[in-house]
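> Here it is, the structure, as structure tokens.
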Amino acid sequence: MADAIVAEGLVKRYGSVVALDGLDLVVPEGTVMGLLGPNGAGKTTTVRVLTTLLEHDKGRATVAGLDVVADAKQLRSKIGLSGQYSAVDENLTGFENLDMVARLYHLGKQRSRERARELLERFDLVDAADRPVKGYSGGMRRRLDLAGALVAKPSVLFLDEPTTGLDPRSRLGMWDVIEELVAGGTTLLLTTQYLEEADRLADKIAVIDHGRVIALGTADELKAQVGGERLELSLGSAQDVAKAREVLGPLAIGEIVADERGHRLTVPVSGGAEVLVDGIRRLDAEAIKVLDIGLRRPTLDDVFLTLTGHAAEEKQGERGE
Ligand SMILES: Nc1ncnc2c1ncn2[C@@H]1O[C@H](COP(=O)(O)OP(=O)(O)O)[C@@H](O)[C@H]1O
Ligand SMILES: [Mg+2]
């Protein structure tokens with residue numbers, strides 16, 4: 001199978017800020033690559049370089065066999081991009097937006113209208129087709145934006161944080177739409193800050209932090225890489241969280257995560273049920289009251305924490321950039 005996207009040693013600086021620091025990425029045709037990382041990791045910069053919107057400083061990249069710099073013009077007609085910030089015109093209707101995009105791709109008057117209608121149907125926007133986008137919900141806008149990216153039937157599709165800012169219901173709806181899309185064999189590069197999103201949609205996940213890929217694999221491979229299990233506790237008070245942390249310290253095989261406000265504690269352990277029993281004995285001996293305790297397999301959240309030393313959601317407060 002040919003590779004739809006190849007990036008080698010991409011470097012991009014904004015003044016003194018190093019946004020991409022030697023990023024390597026290979027996406028085989030017909031697969032979904034999830035680019036997972038916190039705010040500021042370099043996801044949008046990667047997408048902008050690969051979609052010819054931004055020139056990198058070092059390295060090289062090809063998409064659909066075309067160089068993103070030398071063949072930029074030719075490449076543009078082969079890719080679709082739905083950005084972190086919606087590109088739709090607020091004052092036009094859903095139909096007008098798609099019709100306009102189709103005309104920009106020189107589809108011709110008749111064909112443009114047909115394509116707009118097809119896409120409105122496919123993205124469940126027929127009822128809203130003749131209303132200005134101003135009145136659309138967040139989920140509807142994202143669907144329209146995605147429809148716009150598909151007008152020219154691109155062979156490689158880029159979705160930059162397609163569900164950031166959506167409520168949980170719209171997010172699920174968007175996941176369904178994307179899953180349907182990739183079932184048809186589209187090559188997709190998807191960026192996300194949500195571990196469960198990458199887990200659900202991507203064949204492979206590249207975890208990025210500070211402009212480089214720090215881990216690559218399927219969701220299961222990444223989880224296995226972290227190893228062990230997680231002992232998860234719910235306690236009665238912040239003091240108990242601190243005490244339990246100390247008492248369970250000797251069992252930990254990695255960094256313990258304490259949520260003192262939520263009265264929760266997560267301890268990476270290995271040894272299965274025996275460790276659970278051991279933990280309960282230790283807590284009991286110190287008379288620490290445990291509301292709930294359980295053992296679970298590591299999640300992608302744990303993967304991220306283990307790899308980067310910080311939680312994936314830590315920086316989400318900065319989302320308004
Ligand atoms: N136009 C810009 N000017 C200066 N710095 C930028 C610009 N765009 C992005 N950056 C910086 O580059 C880094 C990567 O940003 P970005 O690619 O947007 O990350 P992400 O999409 O993962 O949140 C961040 O430190 C960000 O602040
Ligand atoms: Mg971004």
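> So which pairs qualify, if the first residue must be in segment 11-24 and at negative phi and small (Gly, Ala, Ser), the second must be assigned to a strand (DSSP E or B) and surrounded by fewer than 22 Cβ atoms within 10 Å (Cβ to Cβ), the Cβ gap must be under 8 Å, and the two must be at least 6 apart or on different chains?
Hits for this filter: Ala19/Arg13.
> Looking only at residues that are among the hydroxyl-bearing types (Ser, Thr, Tyr) and touching a Ser or Thr at 6+ places or on another chain (Cβ under 8 Å) in segment 40-58, which one is nearest to ligand 2 (Cβ to nearest atom)?
The residue in question is Thr44.
> Of the residues in segment 288-314, how many are of a type in the set (A, V, I, L, M) and either in contact with a Cys (Cβ under 7 Å, 6 or more places away or on another chain) or assigned to a helix (DSSP H, G or I) (or both)?
4
> If I ask for residues that are within 30 Å of Val207 (Cα to Cα) and of a type in the set (Gly, Ala, Ser), which ones from segment 221-248 would you list?
Ala224, Gly227, Gly228, Ser234, listed by residue number.
> Which of the residues that make up segment 236-287 are part of a loop (DSSP other than H, G, I, E, B), over 18 Å from Val303 (Cα atoms) and not hydrophobic (A, V, I, L, M, F, W, C)?
Gly236, Ser237, Glu260, Arg261, Gly262, His263, Gly271, Gly272, Glu286
> How many of the residues in segment 213-246 are at pLDDT 95 or above and closer than 25 Å to Gly165 by Cα?
Residues that pass the stated criteria total 1.
> Another question, if that's okay. Please find, within segment 1-11, the residue that is nearest to Thr186 (Cα to Cα) out of those that are more than 16 Å from ligand 2 (Cβ to nearest atom) and part of a strand (DSSP E or B).
Selected residue: Ala4.
For (1) farther than 26 Å from Leu189 by Cβ; (2) of a type in the set (A, V, I, L, M, F, W, C), each residue gets a yes or a no:
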site	(1), (2)
Arg111	yes, no
Leu125	no, yes
Asp130	yes, no
Gly165	no, no
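> So, of the residues in segment 59-79 that are crowded, with 21+ Cβ neighbours inside 10 Å and more than 13 Å from Ala7 (Cβ to Cβ), which turns out to be farthest from ligand 2 (Cβ to nearest atom)?
Selected residue: Leu75.
> Given the conditions (1) over 15 Å from Ala206 (Cα atoms); (2) surrounded by fewer than 16 Cβ atoms within 10 Å (Cβ to Cβ); (3) away from ligand 2 (no atom under 14 Å from the Cβ), which single one is not true for Tyr14?
Status for Tyr14: all satisfied but (3).
> Return a yes/no flag: does segment 123-138 have any residue that is closer than 28 Å to Tyr14 by Cβ and not in a loop (DSSP other than H, G, I, E, B).
no
The values are calculated or read from the model by the stated rules, or taken from the named source; none is laboratory data. It should be emphasised that the depicted structure is a prediction, and the values quoted were computed from it without experimental measurement. Counting neighbours? That spans all protein chains shown, and the Cβs are built from the backbone with ideal geometry, glycine included.
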